[in-house]
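Visitor: Got a structure here, written out as structure tokens. Questions coming.
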Amino acid sequence: MKKLLVAATLFFAIPTASAQTARPALDYASAATIRDTCIAWAQEHGRKMAVAVMDSHGMLITYAHMDGVSYGAGDIAKWKATAASRFGRSTQDLGALNPPPGMPNVATMTGGVPIYTSDGFALGGVGASGGRPEEDAACGTAGIEAAGLIAARPAPAPAQ
């Protein structure tokens, strides 16, 4: 009985660990909306594109390519999405930093766009390829906005 009392006392005396803070994550439904909107944008503009959507760790959530798009466009879309998701910046912005050639996972071609919540949490990135660079970026941005998300880190609120 004494051992049971000591064990119960120790059990209740041990402080409980606090739970990890929950962070937003890009879900499949939002990623699919981004993908489908980008494909619809490409159709409306007479382009054949490939679209990749990745989470903030650079893991592919969804991918699509239109009939007739080049094989290389798919690889480029994934490359752009990887860079935007891992660095939280557009590939156009990464190109302006002038990274050394061959730096892993760094795409410098316009068309990779980061995905953020309105609160500034990075959710991932989308890469589009098959149009002109500015069309690739516009396609990805249209998808992000259709999912109710934003395509750049929001500016911090001014100090009060």
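Visitor: Residue by residue through the range 84-105, note down the ones that are more than 11 Å from A52 (Cβ to Cβ) and either in contact with a Lys or Arg (Cβ under 9 Å, 6 or more places away or on another chain) or in contact (Cβ under 8 Å) with a residue 24 or more places away in the chain (or both).
Guide: Within the range 84-105, R86, F87, G88, R89, S90, T91, Q92, L97, N105 meet the criteria.
Visitor: Which ones in the range 107-136 are of a type in the set (V, I, T), more than 10 Å from the chain's Cα centre (by Cα) and modelled with pLDDT of 95 or more?
Guide: Matches in the range 107-136: T110, T117.
Visitor: Now, a different point. With respect to the numbered conditions (1) within 14 Å of G111 (Cβ to Cβ); (2) more than 15 Å from the chain's Cα centre (by Cα); (3) of a type in the set (G, A, S), which one is the sole condition not fulfilled by A52?
Guide: (2)
Visitor: Which of the strands (runs of 3 or more DSSP E) found entirely inside the range 54-158 contain at least 2 residues meeting this: open to solvent by less than 40 Å² (accessible area, probe 1.4 Å) and among the hydrophobic types (A, V, I, L, M, F, W, C)?
Guide: Filter on the range 54-158 gives 112-116, 122-129.
Visitor: Which residues, taken from the range 23-44, are open to solvent by less than 90 Å² (accessible area, probe 1.4 Å) and part of a loop (DSSP other than H, G, I, E, B)?
Guide: Scanning the range 23-44 gives P24, A25, L26, D27.
The values are calculated or read from the model by the stated rules, or taken from the named source; none is laboratory data. For clarity, every value in this text was computed on a predicted model and none was experimentally measured. Cβ sites come from the backbone with ideal geometry, for glycine too, and all protein chains shown count toward neighbours. In case anyone asks, the SASA skips ligands and DNA or RNA and just uses the protein heavy atoms, side chains included. Shrake-Rupley method; radii C 1.70, N 1.55, O 1.52, S 1.80 Å.
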